[in-house]
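*Asks:* Just passing along the structure, written as structure tokens.
Any read-out appearing in this document is the output of simple, stated calculations on the displayed coordinates, not a laboratory observation. Quick caveat, the model's predicted, so the values are computed rather than measured. Here the Cβ positions follow ideal geometry from the backbone for every residue, glycine too, while neighbour counts run over all protein chains shown.
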Amino acid sequence: MNPATAESPFIRACRRRPVPHTPVWYMRQAGRSLPEYRAVRADVPMLAACATPDLIVEITMQPVRRYGVDAAIFFSDIVVPLKAIGVDLDIKPGVGPVVAAPIRDEAGLAALRPLEADDVPYVTEAVGALAKELGPTPLIGFAGAPFTLASYLIEGGPSKNHDRTKAMMYGEPARWHALMDRLADITLAFLRVQVQAGASAVQLFDSWVGAVGAEDYREFVMPHSSRIFAGLADLDVPRIHFGVGTGELLGLLGEAGADVVGVDWRIPLDEAARRVGPGRALQGNLDPAILLAPWEVAERRALDVLARGRAAEGHIFNLGHGVLPSTDSGQLARLTDLVHRSTTS
């Protein structure tokens, strides 16, 4: 990490150090809410875009240019490493990832081979180019966490109740842990590729882990997430852990090894700070839907998030999940400016 990036407000907040202003970035900031994104993606399927270095760089840079956010998030998708090792899947518009042959037995499990850097040369190329173009602005690498990846692989696509996933978790624990072990290896390798190419921080997304309770998280999920965070420790970059619907799991998300715990919009940040405890920064947590309301509403709620965020040892302002496609980009520009103006020391 270059010295200027290491002293950026985002990295300083991740490390719970004093900052000149509260740093801000947005999950899915590089995405469908931007007209320039829709233009470059007009005729390009998602997974093709995620494997094209020039497109990755352009899409990652778009919100940095437009909003002046304090960090960029690498444009990719959580299923990219699975596709790279040969899993037959696609991202269906309006549906999400769809797996042709869901994993339900030992044969499916055996097909999950380790990920090598040579499987994702486009990632190495794009991250290297972005690190140069971004200068002191940090680039966040990211990957999907094992539980969420397992759910897609077992269910065959998005699931409301994760029935088959939980059936394997409870009924076939040995097979479950074997699958999670393989996915942890793949995820760790994918994150290490990004950091070694120039990413300054990483975020582990566990989109669906809110479907399990605390005891089940500790037994069936946490050992695998912990191994990923431990496997990144030697790279000395901030590690962020985010899940949706995880209010009852926040302490465990930090205990798993994250430096920063991402908080969704369902719980106030001051209460989240109490649940997470000392030694962790927090990220979040404005409800993305609030940006569809008049600016006066969004402004009031954002200032409340900032006020509650003072209870944390470090705070990165973000939404409580991704930017909604119908969001007016002007609202995000005003929000970025508000966070910076309201917290400049």
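*Asks:* Kindly establish whether Gly171 is of a type in the set (Gly, Ala, Ser) and either closer than 15 Å to Ala84 by Cα or surrounded by fewer than 17 Cβ atoms within 10 Å (Cβ to Cβ) (or both).
*Replies:* yes
*Asks:* I'm checking my understanding of the structure. Among residues of region 135-157 that are more than 17 Å from the chain's Cα centre (by Cα) and closer than 28 Å to Ile316 by Cβ, which one is surrounded by the most Cβ atoms within 10 Å (Cβ to Cβ)?
*Replies:* Among those that are more than 17 Å from the chain's Cα centre (by Cα) and closer than 28 Å to Ile316 by Cβ, it is Thr137.
*Asks:* Consider only pairs whose beta carbons are under 7 Å apart and that are at least six residues apart or on different chains; among these, list those whose first residue lies in region 37-65 and is touching a residue at least 40 places away in the same chain (Cβ under 8 Å) and whose second residue is in a helix (DSSP H, G or I) and of a type in the set (Asp, Glu).
*Replies:* What qualifies is Pro53/Glu125; Val57/Glu133; Met61/Glu133.
*Asks:* Let me ask something additional. Give the residue that is surrounded by the fewest Cβ atoms within 10 Å (Cβ to Cβ), with candidates limited to residues of region 261-281 that are touching a helix residue (DSSP H, G or I) at 6+ places or on another chain (Cβ under 6 Å) and closer than 19 Å to Val339 by Cα.
*Replies:* The extreme case among them is Asp270.
Conditions tested, residue by residue: (1) closer than 21 Å to Asp234 by Cα; (2) in contact with an Asp or Glu (Cβ under 6 Å, 6 or more places away or on another chain); (3) part of a helix (DSSP H, G or I).
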site: Val123; (1), (2), (3): yes, no, yes
site: Val127; (1), (2), (3): yes, no, yes
site: Thr137; (1), (2), (3): no, no, no
site: Gly141; (1), (2), (3): yes, no, no
site: Leu149; (1), (2), (3): no, no, yes
site: Ala178; (1), (2), (3): no, no, yes
site: Thr187; (1), (2), (3): yes, no, yes
site: Gln194; (1), (2), (3): yes, no, yes
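*Asks:* Consider region 285-312. How many of its residues are over 16 Å from Ser33 (Cβ atoms) and not basic (Lys, Arg)?
*Replies:* As a first pass, look at region 285-312 and keep what is over 16 Å from Ser33 (Cβ atoms): 285, 294, 296-297, 299-312.
With not basic (Lys, Arg) added as a condition, the list becomes 285, 294, 296-297, 299, 302-307, 309, 311-312.
Residues in region 285-312 being over 16 Å from Ser33 (Cβ atoms) and not basic (Lys, Arg): 14 in total.
Let's see how each residue does on (1) among the small types (Gly, Ala, Ser); (2) in contact with a helix residue (DSSP H, G or I) (Cβ under 6 Å, 6 or more places away or on another chain):
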site: Leu82; (1), (2): no, no
site: Ile91; (1), (2): no, yes
site: Val98; (1), (2): no, no
site: Arg113; (1), (2): no, no
site: Ala117; (1), (2): yes, yes
site: Val123; (1), (2): no, yes
site: Ile140; (1), (2): no, no
site: Ala143; (1), (2): yes, yes
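*Asks:* Please determine, by comparing only the residues of region 66-76 that are outside any strand (DSSP E or B) and touching a residue at least 60 places away in the same chain (Cβ under 8 Å), which one is surrounded by the fewest Cβ atoms within 10 Å (Cβ to Cβ).
*Replies:* Going through the qualifying residues, I end up with Gly68.
*Asks:* While we're looking at this one, here's another question. With the checklist (1) out of contact with any Phe, Trp or Tyr (no Cβ under 8 Å at 6 or more places or on another chain); (2) part of a helix (DSSP H, G or I); (3) touching a residue at least 40 places away in the same chain (Cβ under 8 Å) in hand, flag the one item Ala233 doesn't pass.
*Replies:* (3)
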